[in-house]
Structure formats: C-alpha cells, structure tokens
Amino acid sequence: MNDPDWSLWRSFAAVVETGSLSAAARELGLSQPTLGRHVEALEQSLGVVLFERTLTGFKPTETALRLYEPVRGAQRALAEAALMAEGAQPGLNGTVRITASEVVSHFVLPQLLVPIRAQFPDIAIEIAPTDSAENLLLREADIAIRMFRPTQLELVTRKLGELPIVCCAHETYLARRGTPQTTEELYGHDLIGLDRSDLLIRAASGMGFALTRDDFRLRTDDQPLAWQLARAGLGIAFAQQGLVETTPGMRALLPQLQIPALEVWLTTHRELFTSRRIRAIYDALGAALSAYVAKPKG
C-alpha cells in the first residue's frame with residue numbers, strides 16, 4: 001500500500017462532511033471530477049471502500065467514519081502549524097482577514113478602517129461578513145469581532161464594551177402611522193423582525209414583553225436588509241443605537257424599553273498574536289472599536 005497524498009485525505013474529509021462530491025468540490029474550490037478521482041485514488045491506495053454511492057450522495061462506510069476523526073485531527077494539527085509559521089513572519093505587509101456580523105461589516109467597519117488603511121497601506125484587508133461563528137483555528141479568519149464571549153482556550157480575546165440596542169423607526173413611518181408611547185401600542189404597528197430565527201421573540205420574552213412571529217409584519221433573517229427596510233419607512237425595528245443616531249430620519253422610540261445590549265469582543269488566535277501585521281491590525285481595530293463603543297449615546 002502506497003502512502004496516500006495529503007490532498008486525497010483532505011478531499012476525503014470534505015466528502016464525509018458534506019455528503020456529496022459537488023458540495024465538497026465547492027468547499028475546496030476544486031472540480032467535481034477531481035474530487036471523484038481523489039476518492040477513487042484513496043480507496044485504491046488503502047484497499048478499502050470508503051463510500052457507498054447512492055442517488056442522494058456519498059454515504060461513508062464504517063471504515064470511513066473510523067478514519068475521519070484522525071484525519072480531522074491531522075487537519076487541525078497542520079492548521080496550528082501554519083498558524084505558528086504565520087505568527088513568525090516579521091513584516092507589516094501581506095493580508096489580514098477580518099470576520100464580523102453582517103450589520104457591523106456593512107455599517108460600522110468601513111468608517112473604522114479608513115484611518116487603519118492609511119496607517120498600514122501595505123496590509124491588504126479581507127472582510128467576511130457573517131452572523132455565523134467563523135473558525136479562527138482553521139484560518140477562515142485572522143481576527144473576529146464577536147457579539148458574544150469566545151470560550152476556546154486557543155484564542156486571545158478582549159471585551160471592548162457594549163452596544164445599546166433601541167426600538168426605532170424612520171420619521172416618514174411615524175408621520176404616517178403615529179409614534180407609539182407605550183410598549184402596548186407596538187402591537188398596532190408594523191414590526192420588522194426575523195424570519196426563521198426566534199432571537200427577537202426570546203429577547204422580548206426575557207423582558208416580559210410577549211411577541212409572536214405573527215406580530216412581525218415584515219420578516220427577514222438578513223439583518224442589513226431589516227435595517228434598510230426600517231430606513232425606508234416600512235416599520236418599527238430594533239437596531240444599534242449608534243446607527244439610529246447617525247442615520248438621517250431615524251428616530252429612537254420607547255426609552256423605557258430596557259433592551260439587552262450587545263457585547264463586543266475582539267478575538268484572534270494566540271499563535272497569530274505574534275504576527276506583526278495581525279497584531280498591528282488587531283490593536284488598531286481594537287482602539288477604533290473601543291472608541292466607537294465608548295462614544296456617548298443619546
């Protein structure tokens with residue numbers, strides 16, 4: 001038996017995780033025929049069948065499932081080795097990849113990056129807007145801005161403060177529908193909320209304010225879109241107070257509503273923290289975010 005090339009193991013793990021050649025190919029940026037050849041080559045090299053070919057995809061055999069965990073362990077070890085090598089690089093050039101929530105990426109980060117880009121013109125910035133947790137260890141991002149406290153031991157993290165959340169609407173909506181003075185009056189208004197997620201419903205319940213999905217007349221899980229719907233005067237939303245105060249026409253409502261604030265955490269991997277360029281962007285971004293969070297509201 002020949003020792004299989006690592007690329008074959010990498011393709012194998014992707015097919016186990018995704019359940020199909022096409023999905024694995026998209027994840028790895030390879031063609032579907034290439035993935036198929038990798039799987040066949042690995043099976044021939046090992047002398048075992050790794051997948052049952054079905055109409056719905058590739059089903060891993062018991063042997064494949066036993067092999068998967070050590071392969072994943074090897075992937076993590078290689079990723080950590082890459083992080084250590086990355087951290088040893090001395091220069092203030094190269095690329096830094098930042099991940100943040102979609103709202104922060106679209107409406108907060110751009111203004112914060114203007115002076116950072118001027119200070120570090122030789123460092124390219126990549127931004128991954130997502131409300132899912134990007135995996136820092138596997139290099140899906142170098143720096144993460146989180147709205148929750150990361151708990152992994154491999155991470156360096158700082159709490160930068162909290163962002164107040166307020167009930168809000170555009171003045172054109174208020175002129176058309178009136179301004180609610182009490183929480184009970186919200187039930188007669190067009191509320192903008194989430195579609196599949198029950199995050200807002202649970203948050204309202206924790207405040208003693210009962211809402212159901214039907215109370216939200218406009219629903220989307222795309223939070224930047226929800227903000228644009230509110231800006232267009234389509235209803236009442238819940239948004240970061242800083243965005244409301246800096247957007248012409250938007251008005252904060254019902255100050256008596258004590259909505260839990262969003263925590264802001266800045267995170268990177270401990271091995272990356274020794275990289276000069278990543279440390280430089282981490283510190284500059286931390287200072288900019290701290291100033292933004294600490295800016296007086298109201």
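The values are calculated or read from the model by the stated rules, or taken from the named source; none is laboratory data. This structure is a prediction, so every number in the text was calculated from the model and none was measured. Methodologically, a virtual Cβ is constructed for each residue, glycine included, from the backbone with ideal geometry; neighbour enumeration extends over all protein chains shown. Accessible surface is based on the protein model in full, side chains and every heavy atom, while ligands, DNA and RNA are left aside. Shrake-Rupley method; radii C 1.70, N 1.55, O 1.52, S 1.80 Å.
Scanning segment 1-37 for residues that are within 18 Å of P70 (Cβ to Cβ) and assigned to a helix (DSSP H, G or I) yields W6, S7, L8, W9, R10, S11, F12, A13, A14, V15, V16, E17. Out of all the residues in segment 246-261, which are open to solvent by 60 Å² or more (accessible area, probe 1.4 Å), closer than 26 Å to Q111 by Cα and modelled with pLDDT under 95? The answer is T246, P260. Screening R196 against (1) open to solvent by less than 50 Å² (accessible area, probe 1.4 Å); (2) within 24 Å of P224 (Cα to Cα); (3) at pLDDT below 90 leaves a single unmet condition, (1).
When each of G188, G178 is tested for being on the phi > 0 side of the Ramachandran plot and of a type outside the set (S, T, N, Q), the lone residue that passes is G178.
Considering segment 278-298, the residues that are open to solvent by 60 Å² or more (accessible area, probe 1.4 Å) and touching a helix residue (DSSP H, G or I) at 6+ places or on another chain (Cβ under 8 Å) include one that is farthest from P110 (Cα to Cα), namely G298.
When the residues of segment 220-237 are narrowed to those that are among the charged types (D, E, K, R) and modelled with pLDDT under 95, which ends up nearest to E102 (Cα to Cα)? Once the filter is applied, the top-ranked residue is D222. Residues in segment 216-233 include at least one that is of a type in the set (A, V, I, L, M) and in contact (Cβ under 8 Å) with a residue 60 or more places away in the chain. If the condition is being more than 25 Å from A133 (Cβ to Cβ), outside any loop (DSSP other than H, G, I, E, B) and without any contact (Cβ under 8 Å) to a residue 40 or more places away in the chain, then segment 240-298 contributes T246, A291. Looking at segment 92-196, the helices (runs of 4 or more DSSP H) lying wholly inside it that each contain 3 or more residues that are within 22 Å of the chain's Cα centre (by Cα) sit at 102-107, 109-119. If the condition is being modelled with pLDDT under 85 and surrounded by 16 or more Cβ atoms within 10 Å (Cβ to Cβ), then segment 58-79 contributes Q75, A79.
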